[in-house]
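Enquirer: Can you read through this structure? Questions will come right after.
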């Protein structure tokens, strides 16, 4: 009967409309958070580049390169810092990252420092060795937390608990494309200095010594890198969520259009039938 | 008095970009002061108070400054600190709470070494913050 189907269609339209409201709201929230996270990346760049250039200066000038932070050693165990999101509904954001991390871990003895709820849940479920579960919420991470993480990593590295440290995060290429990437944090990769400074003749005084300076800025460097990666990941997450929610909203709109058409047809059908019945009943 | 260009950055952004007569801060090796015409110099920053003597202003700007590097080049003096907070932006009560909490952890018997280490760092930072605020009150 046309009447009941009209009611069904109406109900579905209503439910899709409320879903659309949610996806639309999530899209807007993601957009505003995206702008903030982008701002944070911009703000932290200057700090990172200054630390990096100081480090490169020291590496380039220093003849004595026996620093533990620079020397690659036999890898018995690797530590992976994996930054994922706290929540789903962001398209393939979490899935892509965790799959990528798994491929990179292949054939290595690893321990994991997960950042973000999804990452922690995943590695807990799989039974990986987890260094710390204090950083479950990536959205709440602040500079102080990055300090703590950097301390944990450098300390573990110095105590030889692990022999290399990687960080896996999602790089924000544009609002439409994000890509999981891996970066080696420790031991420090000399190639990190993009344009190697030639050991210039300019004299620079390092106090107390270039080695001491180098050693004490490595944790600062790691902190900076972590903070950058966290923000890059957050930006990517919001970007991915915005895109996912945008298309969800669009789909909902299409469905509503389609259902409205069906509803109108059903209504027209019902009216036509009624008229036919009346005309037939009047006996003309 | 001659001045130099001073730039202060941290992970939270740019804090100072202008002319200064003198800047004093604590490095890992002790207190240093930089004046105009210093030779190229690089050192690692410890935990302590940073005082900026702004050119053309009488008062000294104080800040809590922890970690990072100080770089002096011919063109400018750059402070890239992991934590940098001007005295007026420091949350005194929060620092006080942090101090009490950290002391609590340090004096408890069952806290792990790692927790104690973290608490020790927090305590240092809280003490620096409190000191900076106290100093700026006394000498305003």
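Bear in mind that the values in this text are calculations on the coordinates, not laboratory data. Only a predicted model underlies this, so the values are computations on that prediction, with no experimental measurement involved. Cβ coordinates were reconstructed from backbone atoms using ideal geometry, including for glycine residues, and neighbour counts include every protein chain displayed.
Enquirer: What share of Cα pairs, in percent, lie more than 34 angstrom apart in chain A?
Expert: More than 34 Å apart: 40 percent of the Cα pairs in chain A.
Enquirer: Beyond 17 Å, what percent of the Cα pairs of segment A:211-269 remain?
Expert: The answer is 66 percent, as a whole percent.
Enquirer: Given the -39500 (n - 2.57) contribution per DSSP H run of 4+ residues, what per-residue ellipticity at 222 nm results for chain B, rounded to the nearest 500 deg cm²/dmol?
Expert: Numbers: 2 runs with 42 residues, N = 140.
About -10500 deg cm²/dmol.
Enquirer: Please arrange A:61, B:115 by how many other C-beta atoms lie within 10 Å of their C-beta, fewest to most.
Expert: B:115, A:61
Enquirer: For segment B:42-140, what are Rg and Dmax over the alpha carbons, in angstrom?
Expert: When restricted to Cα atoms, segment B:42-140 yields Rg and Dmax of 15.8, 54 Å.
Enquirer: Suppose R0 equals 30 Å; then what is the FRET efficiency for residue A:129 and residue A:189 from their Cβ-Cβ distance, rounded to the nearest 0.05?
Expert: Values: r = 24 Å, r/R0 = 0.81.
That gives a FRET efficiency of 0.75.
Enquirer: Is the shape of segment A:17-161 rounded, prolate or oblate, going by the alpha carbon gyration tensor and its root eigenvalues a ≥ b ≥ c, with a/c under 1.5 for rounded and a/b larger than b/c for prolate? Write out the running numbers ahead of the final one.
Expert: Details: a/c = 2.62, a/b = 1.48, b/c = 1.77.
Oblate shape, in that a/c is at least 1.5 and b/c is the bigger or equal ratio.
Enquirer: Report, to two decimal places, the Cα Rg of segment A:23-93 normalised by 2.2 N^0.38 Å (N = number of residues).
Expert: 1.77
Enquirer: Moving on. Most fluctuating residue of A:249, A:154, A:19 in a GNM of chain A with Cα springs under 10 Å: which is it?
Expert: With Cα springs under 10 Å in chain A, the top fluctuation among A:249, A:154, A:19 is at A:19.
Enquirer: Of all the Cα-Cα pairs you can form in segment B:91-136, what percent are over 11 Å apart?
Expert: The calculated P(r) of segment B:91-136 puts 61 percent of pairs beyond 11 Å.
Enquirer: Report, in deg cm²/dmol and to the nearest 500, the calculated mean residue ellipticity at 222 nm for chain A, where each DSSP H run with n ≥ 4 adds -39500 (n - 2.57) and the sum is divided by the residue count. Could the numbers behind the result be given before it?
Expert: Working: 5 runs with 172 residues, N = 284.
Computed ellipticity for chain A at 222 nm equals -22000 deg cm²/dmol.
Enquirer: Could you grab the relative contact order for chain A? Cα pairs under 8 Å, six or more apart, rounded to a whole percent.
Expert: Relative contact order, chain A: 33 percent.
Enquirer: So what is the orientation-averaged projected area of segment B:4-88, using the convex hull of its C-alpha atoms, in nm²?
Expert: That works out to 4.9 nm².
Enquirer: Tell me, what is the percent relative contact order of segment B:91-136, built from C-alpha pairs under 8 Å that lie six or more residues apart? Present the calculation step by step, with values, prior to reporting the outcome.
Expert: Values: 29 pairs, mean separation 23.5, N = 46.
About 51 percent, as a whole number.
Enquirer: Write down the percent of antiparallel bridges among all DSSP beta bridges whose residues are both part of the protein assembly as shown, to the nearest 5.
Expert: 70 percent
Enquirer: Rounded, prolate or oblate: pick one for segment A:91-143, where a ≥ b ≥ c are the square roots of the eigenvalues of its C-alpha gyration tensor, a/c under 1.5 means rounded, and failing that, prolate if a/b is larger than b/c, else oblate.
Expert: Numbers: a/c = 1.94, a/b = 1.25, b/c = 1.55.
Oblate shape, in that a/c is at least 1.5 and b/c is the bigger or equal ratio.
Enquirer: Over chain B, what relative contact order in percent results from Cα pairs under 8 Å that are six or more residues apart?
Expert: So the answer I get is 21 percent.
Enquirer: Okay, next question. What does the extension gain come out to for residue B:108 and residue B:5, with contour length at 0.36 nm per residue minus their alpha carbon separation?
Expert: 32.4 nm
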